[in-house]
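Enquirer: Shown below is the structure under consideration.
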Amino acid sequence: MIAPVSTRMAGMTGANWRALAVLVSSVMLAACASTPPAGESEPPTVRIALVGDIMLGGTATEFVERYGYDYPFEYVTPELGQGDVVFGNLEGPLTDRGEALDKRFVFRTPPDKVAPALARAGFDVLSLANNHTLDYGPEGLFDTLDALSAAGMKAVGAGAHSTAARAPVVIEASGLKVGFLAYSNTFPESFWATDERPGTAFGHEHHVRADVARLRETVDVVVVSFHWGQEATTELREYQPRLGRAAIDAGADIIAGHHPHILQGVEYYNGGVIFYSLGNFTFGSYSERARTSAIAHVFAGADGVLEAELVPINVYNPEVLFRPRVLEGTAARDVIEQLRELSVPLQTEIRAESGRARVVLPVP
């Protein structure tokens, strides 16, 4: 039988009392630290969902023409809907005009079908800074900008000249301003915008630093997208960490990488998080290498990144037929373990929590 509280306390020594006093004080201090003073509210936070490469043409054409352009997002729209702001990389113009460039892979999809489907899936901002945006020339780029705008979304990373391509996009959500910048460090070089030529924003480090620092002054959270690295490899090119860290040092909170079509490591650096490659999201290809990917969720506030996690998804089109699906069980754990191993060299810990890959942030 457990003795009554009064009896147990009566037998306590002075040392016991001092230990109890320290414990009570610690609990009270923790409660005060975690609870805002009366009349004050919690500081606002925003949840940003980020995905990889999107292209609804190619070998996906047969399926979207048969089942509709909402078809690719059927199983992942609920996951995207958890984001206050949703961002992705749109590969290929939304156009019915222009002439195909002389390059190995060229993509385009119908603007009147793809743009509304992207909006219904929940996208707010799409990067055009990639190596397919000008596959059908400047006409294709301008048609894409018009189509996304008409559907209520914003485009970043490409424009009528270099100044327009480097211009940020700002979204207001959950009481915060979230700013986006996007750059393409992939060939062909003819796609890079100049003072006189339409195209994508190239990620010169001095431009990135200046653009981020300028944007940081006017928004609460900064997201930077880079189309970089090498396709189908988990190994980072030398410039990726250098450029990603430079952006964070200049004031960015989140770096979203694209182009390799498969997952690369995650790095927590100087208060920000770098997703070196988010892989494919829904992409019209039967690639044998692009099998798994992830949807990233980042919780952030005016003081920086608060939480970051990745939801493993199946993007192996011979199985999912261009409809990515959230992975569970052993399949999810395998992706999380892969992310953990890829992130160890970046001094970043990834932990499995409820089927998600949680980026372990330092305790403030």
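Enquirer: Taking Ser149 as meeting all but one of (1) farther than 24 Å from Phe281 by Cα; (2) free of Cβ contacts under 8 Å to residues at least 24 places away in the same chain, write down the number of the exception.
Expert: All conditions are met except number (1).
Enquirer: Does Val224 fit the bill of being outside any helix (DSSP H, G or I), out of contact with any helix residue (DSSP H, G or I) (no Cβ under 7 Å at 6 or more places or on another chain) and not aromatic (Phe, Trp, Tyr)?
Expert: no
Enquirer: A further question on this structure: What's the total number of residues in the range 240-266 that are outside any helix (DSSP H, G or I) and within 12 Å of Trp228 (Cα to Cα)?
Expert: 8
Enquirer: Another question, if that's okay. Just give me the residues in the range 89-110 being surrounded by 22 or more Cβ atoms within 10 Å (Cβ to Cβ) and either assigned to a strand (DSSP E or B) or touching a strand residue (DSSP E or B) at 6+ places or on another chain (Cβ under 6 Å) (or both), in sequence order.
Expert: Correct list: Asn89, Leu90, Glu91, Gly92, Leu94, Thr109.
Enquirer: Only one residue in Ile313, Ile274, Ile295 is crowded, with 24+ Cβ neighbours inside 10 Å, over 24 Å from Ile248 (Cα atoms) and either assigned by TED's automatic domain parsing to the domain that holds Thr234 or under 12 Å from the mean Cα position of the chain (by Cα) (or both). Which one?
Expert: Details: Ile274 fails: over 24 Å from Ile248 (Cα atoms); Ile295 fails: over 24 Å from Ile248 (Cα atoms).
Checking each option against the conditions leaves just Ile313.
Enquirer: Filter the range 185-219 down to the residues that are of a type in the set (A, V, I, L, M) and surrounded by fewer than 16 Cβ atoms within 10 Å (Cβ to Cβ), then identify the one that is farthest from Thr133 (Cα to Cα).
Expert: Ala213
Enquirer: Residue by residue through the range 77-88, note down the ones that are surrounded by 23 or more Cβ atoms within 10 Å (Cβ to Cβ) and farther than 16 Å from Pro116 by Cβ.
Expert: Looking only at the range 77-88, we keep the residues that are surrounded by 23 or more Cβ atoms within 10 Å (Cβ to Cβ), and these are 85-88.
Selection gives Val85, Phe87.
Enquirer: Here's something else I'd like to know. Can you go through Arg66, Arg120 and tell me which one is of a type in the set (Lys, Arg), closer than 27 Å to Lys177 by Cβ and part of a helix (DSSP H, G or I)?
Expert: Unique residue meeting the criteria: Arg120.
Enquirer: Restricting to the range 308-364, count the residues that are in a strand (DSSP E or B) and among the aliphatic types (A, V, I, L, M).
Expert: Selection size over the range 308-364: 9.
Enquirer: Okay, moving on. Could you list, in sequence order, all residues of the range 171-184 that are outside any strand (DSSP E or B) and buried (at least 22 other Cβ atoms within 10 Å of the Cβ)? Spell out the reasoning first.
Expert: Within the range 171-184, the subset outside any strand (DSSP E or B) is 174-175.
Correct list: empty.
Enquirer: If you don't mind, there's one more thing I want to ask. Restricting attention to the range 131-163, which residues are within 14 Å of Trp192 (Cβ to Cβ) and either part of a loop (DSSP other than H, G, I, E, B) or small (Gly, Ala, Ser) (or both)?
Expert: Within the range 131-163, Asn131, His132, Thr133, Leu134, Gly157, Ala158, Gly159, Ala160, His161, Ser162 qualify.
Enquirer: Consider Val273 against the criteria (1) assigned to a strand (DSSP E or B); (2) farther than 30 Å from Pro44 by Cα; (3) among the hydrophobic types (A, V, I, L, M, F, W, C): it satisfies all of them except one. Which criterion is unmet?
Expert: The one condition Val273 does not meet is (2).
Enquirer: Moving on. Considering the range 276-307 alone, what residues qualify as being more than 18 Å from Leu126 (Cβ to Cβ), assigned to a loop (DSSP other than H, G, I, E, B) and touching a helix residue (DSSP H, G or I) at 6+ places or on another chain (Cβ under 9 Å)?
Expert: Tyr276, Ser285, Tyr286, Ser287, Glu288, Ala290, Arg291 - these are the residues of the range 276-307 that are more than 18 Å from Leu126 (Cβ to Cβ), assigned to a loop (DSSP other than H, G, I, E, B) and touching a helix residue (DSSP H, G or I) at 6+ places or on another chain (Cβ under 9 Å).
Enquirer: Taking the range 335-364 only, how many residues are more than 22 Å from Arg245 (Cα to Cα) and either free of Cβ contacts under 8 Å to residues at least 24 places away in the same chain or touching a Cys at 6+ places or on another chain (Cβ under 9 Å) (or both)?
Expert: Of the residues in the range 335-364, 4 are more than 22 Å from Arg245 (Cα to Cα) and either free of Cβ contacts under 8 Å to residues at least 24 places away in the same chain or touching a Cys at 6+ places or on another chain (Cβ under 9 Å) (or both).
Enquirer: Suppose the filter is acidic (Asp, Glu), over 28 Å from Thr59 (Cα atoms) and assigned by TED's automatic domain parsing to the domain that holds His207; does Glu341 pass it? Explain how you work it out, then say what you get.
Expert: Numbers: acidic (Asp, Glu): yes; over 28 Å from Thr59 (Cα atoms): yes; assigned by TED's automatic domain parsing to the domain that holds His207: yes.
Yes.
Enquirer: Turning to a different aspect of this structure: Need the failing condition index for Gly301 against (1) surrounded by fewer than 20 Cβ atoms within 10 Å (Cβ to Cβ); (2) in contact with a Ser or Thr (Cβ under 6 Å, 6 or more places away or on another chain); (3) under 27 Å from Tyr71 (Cα atoms), just the number.
Expert: The one condition Gly301 does not meet is (3).
Enquirer: Evaluate the following for Val219: is it assigned by TED's automatic domain parsing to the domain that holds Leu278, under 18 Å from the mean Cα position of the chain (by Cα), under 20 Å from Ile48 (Cβ atoms) and in a strand (DSSP E or B)?
Expert: Against the criterion (assigned by TED's automatic domain parsing to the domain that holds Leu278, under 18 Å from the mean Cα position of the chain (by Cα), under 20 Å from Ile48 (Cβ atoms) and in a strand (DSSP E or B)), Val219 does not qualify.
Enquirer: Quick one: Glu238 ticks every box in (1) surrounded by 15 or more Cβ atoms within 10 Å (Cβ to Cβ); (2) within 28 Å of Thr292 (Cα to Cα) except a single one, so which number is it?
Expert: (1)
The values are calculated or read from the model by the stated rules, or taken from the named source; none is laboratory data. Note that the coordinates shown come from a computational prediction; the quantities given were computed from them, not determined experimentally. Cβ atoms come from the backbone with ideal geometry, glycine included; neighbour counts cover every protein chain shown.
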